[in-house]
Amino acid sequence: MQEPSVHSVTLNRELCKGCINCIKRCPTEAIRVRDGKAIIISERCVDCGECIRICPHHAKRAVSDPMDVLNNYKYKIALPPPSLYVQFNNLDEPDVVLAGLLRLGFDSVFEVSRAAELVSEATRRFLQTSDLLRPVISSACPAVTRLICVRFPQLMDHILPLIAPIELAARLAKDEAVKKTGLPREDIGCIFLTPCPAKVSAIRAPIGSKQSEVDAAVAVKDVYPLLLSAMKKVGQVEYLAQSGRIGLGWGESGGEAAGLMTTESYLAADGVENVIRVLSDLEDEKYHDLDFVELNACSGGCVGGVLQVENPYIAKAKMKHLRRTMPVSRNHLTDDAAALVEWDDEVVYNPVMELGETRAERFARYAKMEEILETLPGLDCGSCGAPTCQSMAEDVVRGFSSVNDCTVLMRRRMEAVLRALGKDE
């Protein structure tokens with residue numbers, strides 16, 4: 001697995017006011033406030049987008065591709081996620097959305113939900129035949145997979161070694177387009193309509209794949225107004241949708257797990273804080289009878305992505321309405337697709353949170369950190385620019401900070417001086 005050389009989540013220092021909202025929300029403690037401005041520790045960032053969601057000054061944002069990226073390719077394929085359909089009101093069928101994408105300039109569409117149904121079937125087979133450690137943890141959410149690689153190394157062997165539906169959709173879509181058009185693969189562009197920044201980074205630095213077949217990612221919030229206008233101009237709607245309830249269900253939390261059908265021994269959690277709680281419990285071996293765990297960093301699943309436009313709870317209600325008349329599934333795993341769905345690149349532990357390269361160095365630094373931590377107030381106020389006193393002590397050990405940065409200790413020292421001078425009244 002490559003580390004993202006260019007993260008989707010970026011910081012505008014001019015807009016940053018130096019508040020501590022973001023440092024408190026980051027699941028990997030990748031943000032600090034220094035000299036009155038936030039900084040992002042790149043190697044720790046998993047692009048979950050929580051800092052974007054929480055920042056009151058809009059200093060964090062996700063970088064994605066503009067719509068004119070379509071001009072780079074002779075044949076353009078839209079990859080709409082299942083969560084896209086429920087961004088619109090009064091929608092009874094996905095076909096009008098797909099037709100709208102064609103009016104926007106795409107030559108064809110390939111629903112990610114089609115690929116999701118194939119990954120569901122591949123997962124069912126995997127659970128029946130594989131000796132992978134239980135419970136198996138879904139690899140569909142790139143933010144969760146990177147979180148495990150950074151913070152929960154003991155769970156690495158539990159990750160499902162199958163590519164995400166987005167990647168499988170791109171591979172299958174390009175295979176179809178090459179046969180249909182005769183164009184070389186490099187002239188065909190697969191453009192994903194992304195609900196979150198983590199998926200943008202997963203395209204630039206693939207998880208479980210040596211190279212992504214997805215060529216660009218346009219944020220849903222950017223394509224939404226254009227698509228809404230195009231949908232209003234759609235006349236006779238063709239039957240373009242080729243997925244069922246299982247595929248569409250991947251757009252919300254619990255949909256992937258429910259789509260397995262062969263087991264009811266699963267757990268689904270969403271929201272980064274809940275995800276961390278579940279991963280911590282899994283690391284402590286608190287769950288013994290689970291076969292499968294589905295985790296989504298965004299609340300509600302992909303419908304709650306920070307690049308979406310609709311309220312995730314309303315979107316989930318729309319999803320229920322949209323799925324009610326659909327068949328269970330419209331896609332079945334062929335031998336050719338089965339050969340494409342497995343990882344072809346290793347996913348490895350990323351030791352960015354370790355205190356040293358060797359065991360001796362880690363032990364020495366940990367002992368020093370505990371010593372420093374004893375001198376700190378334990379308030380986890382964030383005033384020093386670190387999210388907790390422990391992360392502050394860690395920064396001191398790493399040489400990135402000083403104990404004197406603790407404003408509580410500084411105030412206490414000032415009060416002690418004033419008392420000594422008899423000026424504490």
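The values are calculated or read from the model by the stated rules, or taken from the named source; none is laboratory data. All of these numbers come straight from a predicted model, not from anything done at the bench. All Cβ positions, glycine included, derive from the backbone under ideal geometry; neighbour counts span all protein chains shown.
Listed values, structure above:
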item: Matching residues, the stretch 112-124, being out of contact with any helix residue (DSSP H, G or I) (no Cβ under 7 Å at 6 or more places or on another chain) and either surrounded by 24 or more Cβ atoms within 10 Å (Cβ to Cβ) or under 14 Å from residue 82 (Cα atoms) (or both); result: 123
item: Selected residue [touching a residue at least 24 places away in the same chain (Cβ under 8 Å), crowded, with 16+ Cβ neighbours inside 10 Å and not polar (S, T, N, Q)] from 377, 387; result: 387
item: Qualifying position, being hydrophobic (A, V, I, L, M, F, W, C), part of a loop (DSSP other than H, G, I, E, B), on the phi < 0 side of the Ramachandran plot and surrounded by 21 or more Cβ atoms within 10 Å (Cβ to Cβ), among 214, 200, 275; result: 214
item: Flag for residue 306 being surrounded by 13 or more Cβ atoms within 10 Å (Cβ to Cβ), closer than 25 Å to residue 25 by Cβ and at pLDDT 95 or above; result: yes
item: Qualifying position, being surrounded by 16 or more Cβ atoms within 10 Å (Cβ to Cβ) and under 14 Å from the mean Cα position of the chain (by Cα), among 161, 135, 153, 195; result: 195
item: Helices (runs of 4 or more DSSP H) completely within the stretch 33-142 that count 3 or more residues being touching a residue at least 24 places away in the same chain (Cβ under 8 Å) and either at positive phi or hydroxyl-bearing (Ser, Thr, Tyr) (or both); result: 112-129
item: Options 253, 209; residue that is in contact with an Asp or Glu (Cβ under 9 Å, 6 or more places away or on another chain), farther than 27 Å from residue 339 by Cβ and in contact (Cβ under 8 Å) with a residue 40 or more places away in the chain; result: 253
item: Of residues in the stretch 42-54 being out of contact with any helix residue (DSSP H, G or I) (no Cβ under 6 Å at 6 or more places or on another chain) and surrounded by 16 or more Cβ atoms within 10 Å (Cβ to Cβ), the one farthest from residue 309 (Cα to Cα); result: 44
item: Exclusive hit being more than 24 Å from the chain's Cα centre (by Cα), over 30 Å from residue 126 (Cα atoms), at pLDDT below 95 and exposed (fewer than 12 other Cβ atoms within 10 Å of the Cβ), set 324, 359; result: 359
item: Residues being surrounded by fewer than 17 Cβ atoms within 10 Å (Cβ to Cβ) and not polar (S, T, N, Q) - total across the stretch 223-233; result: 5
item: Residue within the stretch 167-186 that is of a type in the set (Val, Ile, Thr), crowded, with 18+ Cβ neighbours inside 10 Å and either part of a helix (DSSP H, G or I) or touching a strand residue (DSSP E or B) at 6+ places or on another chain (Cβ under 6 Å) (or both) present; result: no
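For every residue, the table says whether it meets (1) modelled with pLDDT of 95 or more; (2) out of contact with any helix residue (DSSP H, G or I) (no Cβ under 8 Å at 6 or more places or on another chain); (3) under 26 Å from residue 74 (Cα atoms); (4) assigned by TED's automatic domain parsing to the domain that holds residue 74.
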| position | (1), (2), (3), (4) |
| --- | --- |
| 199 | yes, no, yes, yes |
| 214 | yes, no, yes, yes |
| 233 | no, no, yes, yes |
| 237 | no, no, yes, yes |
| 248 | yes, no, no, yes |
| 251 | yes, no, no, yes |
| 256 | yes, no, no, yes |
| 260 | no, no, no, yes |
| 278 | yes, yes, no, yes |
